[in-house]
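Single-structure report; data block below.
The values are calculated or read from the model by the stated rules, or taken from the named source; none is laboratory data. Note that the coordinates shown come from a computational prediction; the quantities given were computed from them, not determined experimentally. Note that each Cβ is placed from the backbone with ideal geometry, even for glycine, and that neighbours are counted across all protein chains shown.
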Amino acid sequence: MKFLFKNLSLVFIVFLWSCTSGDDIVDYTSLAPQNTEPGTTSGYNEDRNVYFGDLHVHTKHSFDAYIFGTTATPDDAYNYAKGGSIQHPLGYEMQLREPLDFYAVTDHGFLMGNVEWWADPSNTTPGTEAFTNLNAPENRTLESVPRRGALFATQVRNLAAGGFNLIGTLQYMWTGDQARVINIYDLDKHRSAWKDIIRSAQEHNDPGNFTTFVAYEYTSSTTRSGENIGLFTPDGTGPFEGGNLHRNVIFNGNRFTVEPFSRLKSLNPEDLWAWMDELRDQGVDTIAIPHNSNGSNGQMFELEDWAGYPVGNQYAEFRMRNEPLVEMTQVKGTSDTHPLLSPNDEWADFEIMDTRVGGTQWSRPDGSYVRQAYLDGLSLQEEQRGNPYKFGLVGASDTHTGAISDDESDFHSKIGILDGTSQGRGSVPLTDDQVNLISDNDDLAGARLIGLKKFGDTYFSNPGFRQWSASGLAVVWAEENTRNSIFNAFRRKETYATSGNRIKLRFFGGKNLSQTPLSDEGLVSKAYSNGVPMGGDLNGLEESPEFLVWAVRDARGAPLQRVQIIKGFVENAIGDPVGRPNEEVYDVACSDGLKVDQKTHRCPDNGANVNLSNCSISSNVGASELKTYWKDPNFDPSQKAFYYVRVLENPTCRWSTWDAIKNGTEPRSDLHKTIQERAWSSPIWHTPEA
């Protein structure tokens, strides 16, 4: 009995020791640069500078990135963002046309650091044998794609869903962390990877020159049958319905948790927000940025909370406190709006991904797109239920190679070996050997993940990558290139998104802004003094606000074609006490001296075209800069409204057309051959007097 008691005591001590909270906070100030005082960098500007960056980047620490061949480290990713080169999993070099100003490695919190450990030859954990030496040089080949697809589609889910143990179950009961239950989950490897992400961000942060953020991805999904462990499968047969609810969590400052809050602790985003609130009470500020609402099957912008109750004021405050921004464009499509939601918007059909994230099932547009969320927010506000969708906008890449791919003419897509060639992306016909490779492995889930599509006698791979985009970037207006200054811009929503280009965009609203000539050297300073920038609020105006829009082209991109303002409002009708949401699209500035038609609110076509034999574009049309004041001709002071800017470039070749031309083939007939790159500002909201 004495022996038994001693051993039980030892087990209990080990149990308690291993239950160290992942919410404990560690101070990493010692790794931070010395120059962190606000306003001390050489580029400080009270009127704010524009900074381009990416807040959605994966490296080898993400389970899916490693499965598809990525061995790049956070250090590699930051060096790439600063202008260096990085090697693609297939061996070729990738390099940006020009460096970025800020970057965040956002590896998945779920299984962070574990798949690389499973692949280590020294690992003897039962069940992980299929991963051994996965990314040894001799195994990083196109022939390995079916194997990798099977590991992603089934093996990870099966491992995560099985192999429970007694000690782990007790730890789960104590901590609420499902990671403790899973035999193959190595908590030390997980925390070590997170520590490496923190170290790298701290060491590469260079105030005044280059900003990094400690960050990670919280990878939640809508559920089926109440199951809450594992991954959904591409054919929808797994435990998850596949509605994407992913967020990137961005930390400010130099204090961070011992481990990230992942889906293994809870699938409920409201639990993530509660965790963030608790950190904020301890002086650690974070924001969460949802992404790929387009693939959420209508779940990202619901009118109910996680438990199914109608959202109200408390929910709206809770969400906006933690999610002031949304990532509305990236490689997996753009979430501005959808042709079914905005049938009168001729530019709504832009880089639409119509399936759920990671699968082939259709994603319901209703509840999945930003513009409708803005409108729903106004309707909720009209019902005195608060506005949970009063967010700003950013873009990102969601690269899984450490390297953003935002250039249509040099697109290397997202997930390494699987889509690192034009054949893998589905833009160029497969060779006979490639067709046979997929057909011969049809019994593997990985081959089904890829699939085949036939046009006549020609086969293309059909994994859904054809709908992916060379997008996008997050842009902020901040006083200086420092972590705190840029984070403050996130908080006030003085941000915008681009589809990958580097358009410079200013947007202000206020009274009597036009009293300052557009040529005035103090234009911006006076706009700040007399109005509000993008992300701001105007209240109780009796007549239309005046808006200042100023767009400057990307010198490496196409000229500008037009600037538009998109208005959303709640229209009160007779017998309708709540009001109906409505939207209007106004062209407000045209290139080439053209004028907006006052009836249609559209610019005439400027005649820009693309030569599809070589992707050359019109050289004599378009604008390098468009700047104007605009007033809403249909302003109603009693209506709640929002206004945001969309800037359109002249047409250029889409990446799939570039792929086809480089390979000497015809572009696929079912894909858009050209696109119009663009930028979207965060809105300015108008609220009537109460």
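Values computed for the structure shown
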read-out: Residue, surrounded by the most Cβ atoms within 10 Å (Cβ to Cβ), within segment 667-688, restricted to residues that are within 18 Å of residue 352 (Cα to Cα) and of a type in the set (Ser, Thr, Tyr); value: 674
read-out: Boolean, residue 671 is more than 30 Å from residue 515 (Cβ to Cβ) and not small (Gly, Ala, Ser); value: yes
read-out: Residue 54 modelled with pLDDT of 95 or more, under 19 Å from the mean Cα position of the chain (by Cα) and assigned by TED's automatic domain parsing to the domain that holds residue 276; value: yes
read-out: Residue satisfying all of: in segment 231-285; aromatic (Phe, Trp, Tyr) and within 21 Å of residue 332 (Cα to Cα); modelled with the highest pLDDT among these; value: 240
read-out: Selected residue [among the hydrophobic types (A, V, I, L, M, F, W, C) and farther than 20 Å from residue 324 by Cβ] from 284, 258; value: 258
read-out: Strands (runs of 3 or more DSSP E) within segment 534-574 that include 2 or more residues farther than 26 Å from residue 491 by Cα and charged (D, E, K, R); value: 560-573
read-out: Verdict on residue 271 being under 18 Å from residue 110 (Cβ atoms) and free of Cβ contacts under 8 Å to residues at least 24 places away in the same chain; value: yes
read-out: Residues within segment 619-638 that are within 32 Å of the chain's Cα centre (by Cα) and either modelled with pLDDT under 95 or farther than 30 Å from residue 523 by Cα (or both), tallied; value: 0
read-out: Residue satisfying all of: in segment 465-480; surrounded by fewer than 23 Cβ atoms within 10 Å (Cβ to Cβ) and not acidic (Asp, Glu); farthest from the chain's Cα centre (by Cα) among these; value: 466
read-out: Subset of segment 608-617 [assigned to a loop (DSSP other than H, G, I, E, B) and either aromatic (Phe, Trp, Tyr) or more than 29 Å from the chain's Cα centre (by Cα) (or both)]; value: 608, 609, 612, 613, 614
read-out: Every residue from segment 29-80 that is among the aromatic types (Phe, Trp, Tyr), farther than 26 Å from residue 326 by Cβ and buried (at least 18 other Cβ atoms within 10 Å of the Cβ); value: 66, 68
read-out: Candidate set from segment 361-383 (those that are in a helix (DSSP H, G or I) and more than 20 Å from the chain's Cα centre (by Cα)); member that is farthest from residue 327 (Cα to Cα); value: 382
read-out: Residue satisfying all of: in segment 320-353; part of a loop (DSSP other than H, G, I, E, B) and under 16 Å from residue 245 (Cα atoms); modelled with the lowest pLDDT among these; value: 353
read-out: Yes/no for residue 474 being small (Gly, Ala, Ser) and within 30 Å of residue 40 (Cα to Cα); value: yes
read-out: Single match in 456, 367, 416 (criterion: more than 25 Å from residue 584 (Cβ to Cβ), surrounded by fewer than 23 Cβ atoms within 10 Å (Cβ to Cβ) and outside the structural domain of residue 680 (by TED's automatic domain parsing)); value: 456
read-out: Qualifying positions in segment 384-399 - touching a Ser or Thr at 6+ places or on another chain (Cβ under 6 Å) and either part of a loop (DSSP other than H, G, I, E, B) or more than 21 Å from residue 201 (Cβ to Cβ) (or both); value: 392, 393
read-out: Any hit, segment 520-529, residues being within 19 Å of the chain's Cα centre (by Cα), crowded, with 20+ Cβ neighbours inside 10 Å and outside any loop (DSSP other than H, G, I, E, B); value: no
read-out: Complete set of residues in segment 328-349 that are surrounded by fewer than 24 Cβ atoms within 10 Å (Cβ to Cβ) and either in contact with a His (Cβ under 7 Å, 6 or more places away or on another chain) or of a type in the set (Asp, Glu) (or both); value: 345, 346, 348, 349
read-out: Considering residues of segment 117-133 that are closer than 11 Å to residue 67 by Cβ and surrounded by fewer than 23 Cβ atoms within 10 Å (Cβ to Cβ) only, the residue nearest to the chain's Cα centre (by Cα); value: 119
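Here is a yes/no grid of residues against (1) modelled with pLDDT of 80 or more; (2) of a type in the set (A, V, I, L, M); (3) under 27 Å from the mean Cα position of the chain (by Cα); (4) closer than 20 Å to residue 249 by Cβ:
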| site | (1), (2), (3), (4) |
| --- | --- |
| 154 | no, no, yes, no |
| 163 | no, no, no, no |
| 168 | no, no, no, no |
| 175 | no, no, no, yes |
| 181 | no, yes, no, no |
| 196 | yes, no, yes, yes |
| 200 | yes, no, yes, yes |
| 213 | yes, no, yes, yes |
| 219 | yes, no, yes, yes |
